[in-house]
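See structure below.
The values are calculated or read from the model by the stated rules, or taken from the named source; none is laboratory data. This structure is a prediction, so every number in the text was calculated from the model and none was measured. Here the Cβ is made from the backbone with ideal geometry for all residues, glycine too, and neighbour counts use every protein chain on show. What goes into the accessible areas is simple: the full protein's heavy atoms, side chains included, and nothing from ligands, DNA or RNA. Shrake-Rupley method; radii C 1.70, N 1.55, O 1.52, S 1.80 Å.
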Amino acid sequence: MLDLSVSLAGVTLKNPVVVASGTFGFGREYSQFYDLGELGGVCAKGLTLHPRTGNPAPRIAETPMGILNSVGLENPGVDAFISQELPFLRQFDTKIIANISGNTPEEYGVMCEKLSAAGVDMIEVNISCPNVKAGGLAYGTRPELAAEVTEMAKKHAGSVPVMVKLSPNVTDITEIAKAVEGAGADALSLINTIRGMRIDVNTRRPILKMNTGGLSGPAVLPVAVRMVWEVSQVVDLPILGMGGVSKGEDGAQLMLAGASAVAVGTALFADPFAPLKVRDELADIAGRQGLSAVRELTGGVRPW
Ligand code: SIN
């Protein structure tokens, strides 16, 4: 019997597959397709201290191997999540990861305090949203600011583990990873989307109203694998790997590169069952390789 369970910062996931924040809402729509308890965890839609309507449309554009988004953190706010969405998610036997973005380090602190009191299993601190003016990438591209936000989150999260979501839009992701580890993070998640742009050649207008957006989907997988591999060599933290995962082999690559668990995101838009497919195919790969636990894949790459 293959053991599918993995540990992420002391939180036991029944299997290594979670759904990525921003691609699963708060689970209501997907719960019509299957029991969310089949998932290792659910990263809920990104939250801010106050409700946000997000960026003007168009804010999604297809690309040959993925999508560009500039959603701009549309969400009902942390209080509405706690009162209306968390009770719904709690019905399922899965781990609940709240994702938060703030305009200031203090806002991250306030949200951590509220979510910790509400009893989420983990908090994913987003310092990598490419689609907002304040916060977001401003924190995720500068080691000292990334550390400041992490410290604030840790100070207010109580016993709830803090996982920091890193941006690929940097020259050296290991610098940010080390800064965040030094500030006390319990885990890292990577990668968020890669900044991109599409232009309508007839109107000469960018397709997205905000001109640029974040690229996700199969096109970004090799970047994610490379970055997980680089980061895993310089920090001692567990990693939730993500970026373009749509099949078991993709997830296995991220685990071999050093991830303890993987998130499925954009693939959900084409196939709501993608996370379950990734889980089963990961199990097949581990089984074929004679492993007794899927976690044995983690860090198993044999570089030349
Ligand atoms: C968004 O809402 O714009 C996407 C969130 C993110 O990329 O972190």
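If I histogram all Cα-Cα distances within segment 187-304 using bins 5 Å wide from 0, what percent of pairs lands in each bin?
2, 12, 20, 19, 17, 12, 7, 5, 4, 2, 1, 0
Could you estimate the translational diffusion coefficient of segment 20-128 from the Stokes-Einstein equation, with Rh from the Kirkwood formula over C-alpha pairs, at 10 °C and 1.306 mPa s, in whole µm²/s? Kindly include the intermediate steps, with their values, before the conclusion.
Details: Rh = 14.5 Å.
D, rounded to a whole number, is 109 µm²/s.
Tell me the carbon and sulfur percent of the accessible area for the chain, rounded to whole percent, probe radius 1.4 Å. Don't skip to the answer; put the middle values down first.
Values: 6640 of 12770 Å².
Reported share for carbon and sulfur atoms: 52 percent.
What percent does the relative contact order of the chain come to when contacts are Cα pairs within less than 8 Å and at least six residues apart? Intermediate values should be presented prior to the final figure.
Details: 742 pairs, mean separation 61.0, N = 304.
It rounds to 20 percent for the chain.
Which percent, to the nearest 5, of DSSP beta bridges fully inside segment 6-297 are antiparallel? Write out the running numbers ahead of the final one.
On the way: 16 of 42 bridges.
Antiparallel bridges: around 40 percent, rounded to the nearest 5.
Per q in 0.26 1/Å, what log10 I(q)/I(0) does a Debye calculation on the alpha-carbon atoms of segment 77-154 return?
-1.19
Please compute, for the alpha-carbon atoms of the chain, the extent along each of the three principal axes and give them in descending order in Å.
Extents along the principal axes, in whole Å: 53, 49, 42.
Quick check: Cα centre of segment 58-107 to Cα centre of segment 110-149, how many Å?
About 12 Å separates the Cα centre of segment 58-107 from the one of segment 110-149.
In terms of the ratio Rg/(2.2 N^0.38 Å) built on C-alpha atoms, what value belongs to segment 187-242?
Dividing the Cα radius of gyration by 2.2 N^0.38 Å gives 1.51.
Given the peptides 286-299, 86-99, arrange them by the average over their residues of other C-beta atoms within 10 Å, most packed first.
Descending packing order for the listed peptides: 86-99, 286-299.
Using the Cα centre as the reference, give the magnitude of the dipole from point charges on the C-beta atoms of the chain (Lys, Arg: +1; Asp, Glu: -1; all else neutral), rounded to the nearest 20 debye.
Working: 26 positive and 31 negative charges, 151 e Å.
Using only the charged Cβ atoms, the result is roughly 720 debye.
What whole-number value in Å² describes the accessible area per residue of segment 6-297 for a 1.4 Å probe? Numbers along the way, then the final one.
On the way: 11590 Å² over 292 residues.
Per residue, segment 6-297 has an accessible area of 40 Å².
Would you mind putting 195-208, 247-260 in packing order, based on average other-beta-carbon counts within 10 Å, highest first?
Working: 195-208: 13.6, 247-260: 23.6.
By packing density, highest mean first, the sequence is 247-260, 195-208.
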